[in-house]
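**Q** Dropping the structure in here first, questions after.
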Amino acid sequence: MTTAGSPADGRPGVLFVCVHNAGRSQMAAALLAHHAGDRIVVRSAGTAPAEQLNPTVIEAMAEVGIDLAAAGARPRELNDDAVRASDVVITMGCGDTCPVYPGVRYLDWELDDPAGLGLDDVRPIRDDIDRRVRVLLTELLGPPPA
């Protein structure tokens, strides 16, 4: 069933939101897009977007075969249209600055902010996000085929 904000083709829409859209939300969006392919519309945004992606996040994602630069990832500002076009909005530390709309499912993932952390400290955050993304993927699309 297609909700008011989801794509007309019936694919679910997921929006990941953090403050700077330079770390956690970028990793989550890239990992969900990697695992889901074109079965889910994936977006990310920030309430106060940074000028560029966190270089350590770029390095951590490259370790798992995801090239954020090649994918065109860049910090984007959160807007009402992105929220309305999503079935699920996952916040990561933006608190009360995220708009709330009826009919949209909200989840809050408590995750450490990778800003200022070294690669050894960013890897566990990336891996935690990956586990959560895989659970979300199963919730949205069902278990993977055997």
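A short reminder: the numbers here are calculations on the coordinates, not readings from a lab. None of these values were measured; they are calculated from a predicted model. For neighbour counting, all protein chains shown are included, and Cβ atoms are generated from backbone atoms with ideal geometry for every residue, glycine included.
**Q** Taking 0.36 nm per residue of separation and subtracting the Cα-Cα distance, what length does fully extending E51 through L119 add?
**A** On the way: separation 68, 0.36 × 68 = 24.48 nm, distance 2.03 nm.
Additional length available on full extension: 22.5 nm.
**Q** Mind checking the alpha-carbon convex hull of the stretch 9-65 and giving the volume per residue in Å³?
**A** On the way: hull volume 4.1 nm³, N = 57.
Enclosed volume per residue, from the Cα hull, is 71 Å³.
**Q** Would you mind getting me the FRET efficiency between R76 and D127? Use the beta-carbon distance for r and R0 = 25 Å, nearest 0.05.
**A** Details: r = 24 Å, r/R0 = 0.98.
After rounding, the FRET efficiency stands at 0.55.
**Q** If I model the chain as equal point scatterers sitting on the Cα atoms and use the Debye formula, what is log10 I(q)/I(0) at q = 0.13 Å⁻¹?
**A** One equal scatterer on each Cα of the chain leads to -0.52.
**Q** Once every DSSP H run of n ≥ 4 in the chain is given -39500 (n - 2.57) and the sum is divided by its residues, what mean residue ellipticity at 222 nm do you get, rounded to the nearest 500 deg cm²/dmol?
**A** -10500 deg cm²/dmol
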